[in-house]
Amino acid sequence: MSTIGTKLCQHRLAAKLTQQAIAEQLGVKTNTYGSWEADHTSPSGIYFPILAEIFGVTIDQLFPENNENLLNKTNITGKKMDENESLKLVLQSKEEVIAAKEAIIAGQSAQIEKLQEELENYKAAQGL
């Protein structure tokens, strides 16, 4: 029987993603996600639908052997999230990722503008 960490690692490698990329999509620290793969800790049930979405599988496909144990260990003990709740969590995560990427792009755009200005100043100083 594969461990939770093994399953996460297998799916991550199959998706050709880094631990950091997945952690960013989940809104957790990279070392938190890494501890899940190393089986030091297990992800909370709120992350199941997001992980399944990231890997393009169902929760049952993600953790086939561990599904019942995982549900009992998490804060959704014995209950399955309804589809709307799962989709809401996935959407919220994607919106957070988009907002973070937009912030990065804005910062990079500001840097580009500054560099372009410096280049123009340099060209003017050199008489180019």
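See the values below:
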item: Too-long pairs where the Cα-Cα distance tops 32 Å, listed order kept, from 16/88; 16/123; 7/88; 16/114; 29/88; result: 16/123; 16/114
item: Solvent-accessible area of residue 40 with every protein chain in place, 1.4 Å probe, in Å² to the nearest 10; result: 150
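The values are calculated or read from the model by the stated rules, or taken from the named source; none is laboratory data. Nothing here was measured: the structure is a model prediction, and the numbers come from that model. Just so you know, the surface numbers come from the protein's heavy atoms only, side chains and all, with ligands and any DNA or RNA stripped out. Shrake-Rupley method; radii C 1.70, N 1.55, O 1.52, S 1.80 Å.
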